[in-house]
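Trainee: Attaching a single structure in structure tokens format; questions to follow.
Each value in this text was obtained by applying a stated rule to the coordinates, not by laboratory testing. Remember, predicted model here, so these are calculated numbers, not experimental data. Cβ atoms come from the backbone with ideal geometry, glycine included; neighbour counts cover every protein chain shown.
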Amino acid sequence: MTDKTYTLNNGVSIPALGLGTWQSAPGKVKSAVSHAIRSGYRLIDGAYCYGNEDEVGQGIQEALASGGVKREDLFVVSKVWTTYNTRIEAGLDKSLKDLGLDYVDLFLVHWPLLMNPEGNHDKFPTLPDGSRDIIRDYNHVDTWKQMEKLLGTGKVKAIGVSNYSKRYLEQLLPHATVVPAVNQIENSPALPQQEIVDLCKEKGIHIMAYSPLGSTGGPLTQAEPVVKIAEKHSVKASTVLLSYHVARGSTVLAKSVTSERIDENKKIIALSEEDMKALNEYSDKLTAEGKVQRFVYPPFGVDFGFPDKS
Ligand SMILES: NC(=O)c1ccc[n+]([C@@H]2O[C@H](COP(=O)([O-])OP(=O)(O)OC[C@H]3O[C@@H](n4cnc5c(N)ncnc54)[C@H](OP(=O)(O)O)[C@@H]3O)[C@@H](O)[C@H]2O)c1
């Protein structure tokens, strides 16, 4: 099912499934990316912050060199890191150089905050007390205005945001000349974020779901309602977790550096209405009990407007 695609609000086609590369260690990520492309993945999700875009690029080149796949068949995603949110094009250029590419298909604002561009570290500057060096006098709309300018450079096919809550989107949209094509958010039956998904749908912003397995170690593969549905269909729990997003009309990103899992994660099944009802009831129960599970929330000390964190 890796050939399923959606059309973004600017007409660009995006695959339903992608390979994630966060925490994919150097020495492993090149072969993971190369293997994924050769086995049918077309979307590779990366970011400057992950510190491995050079190897991701090598994996892409290896797969292209093996034949059968051309650059234009691929959908490469990168994200500008928070220390570059006032220097968007410079951030993009760094990623392109590392990747060895002259354009990315989608470029995202990784998080809507500014860490000190002139701080004591390129990615994670700190203050003398050890806390993160964050510039509080910052408006994320200014970053978006710089993102919009990239569309004229030929270095990006589409632009979007990541980790945008409903509150932040509502701040951004009245000022946007270009509506973001994508909002990449953590999403799973344990963190449905329905208010964001609904707003994005209404505004024509495509959802890319990250950490679908619950991130490191894939803990959501143990969730009881997920396991039950997997048993019913004689598939792995991971298949149910990934298929959930395609049933919701989203793109899903699964990270693995393990060839067998990269292959296994290509399997997407059509979940029935009954399956989705059971997963939605699980989401509703966790929401009502205040037990939704957010696995990725860096300690920035900023209120991004997510109800479970505000
Ligand atoms: N925009 C953002 O701020 C943001 C934040 C987080 C993630 N992302 C993107 O989304 C991608 C996916 O999210 P994620 O990396 O947090 O987590 P994830 O894809 O939910 O889970 C990855 C973990 O699950 C394991 N795994 C993979 N396939 C499995 C399977 N079939 N069965 C059991 N375990 C399996 C992986 O192990 P092995 O690798 O050892 O196989 C890894 O430990 C990221 O890599 C990144 O590209 C974006």
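Trainee: Could you please state, rounded to a whole Å, how far the C-alpha centre of the range 192-271 is from the C-alpha centre of the range 1-77?
Mentor: First find each Cα centre; the distance between them is then 18 Å.
Trainee: Return the aspartates and glutamates within reach of Lys166: Cα separation strictly under 13 angstrom, same-chain partners fewer than 8 residues apart disregarded; answer none if there are no such residues.
Mentor: Glu195, Asp198, Glu202, Asp303, Asp308
Trainee: With the alpha-carbon atoms as the only input, what is the per residue convex hull volume for the chain in Å³?
Mentor: About 131 Å³ per residue, rounded to a whole number.
Trainee: Greater than 29 Å separation of Cα atoms is the criterion. Which listed pairs, Lys28/Lys123; Lys201/Lys285; Lys236/Lys277; Lys149/Lys309; Lys4/Lys94; Lys145/Lys255, meet it?
Mentor: From Lys28/Lys123; Lys201/Lys285; Lys236/Lys277; Lys149/Lys309; Lys4/Lys94; Lys145/Lys255, over 29 Å: Lys149/Lys309; Lys4/Lys94; Lys145/Lys255.
Trainee: Along the range 112-117, what does the Karplus equation 6.51 cos²θ - 1.76 cosθ + 1.60 (θ = phi - 60°) give for ³J(HN,Hα), rounded to whole Hz, x for Gly and Pro?
Mentor: The phi angles translate into x, 8, 10, 9, 3, x Hz.
Trainee: Further question on the same structure: Nearest-5 percent of antiparallel DSSP beta bridges in the chain?
Mentor: Once the DSSP bridges in the chain are tallied, antiparallel ones form about 20 percent.
Trainee: Treating the beta-carbon of each Lys and Arg as +1 and of each Asp and Glu as -1, no other charges, what is the dipole magnitude of the range 5-288 about its Cα centre, to the nearest 20 debye?
Mentor: 320 debye
Trainee: Next question, about the same structure. If you filter the range 27-132 for GluC sites (Glu not before Pro), then keep DSSP loop positions with at most 16 other Cβ within 10 Å, what is left?
Mentor: Glu118
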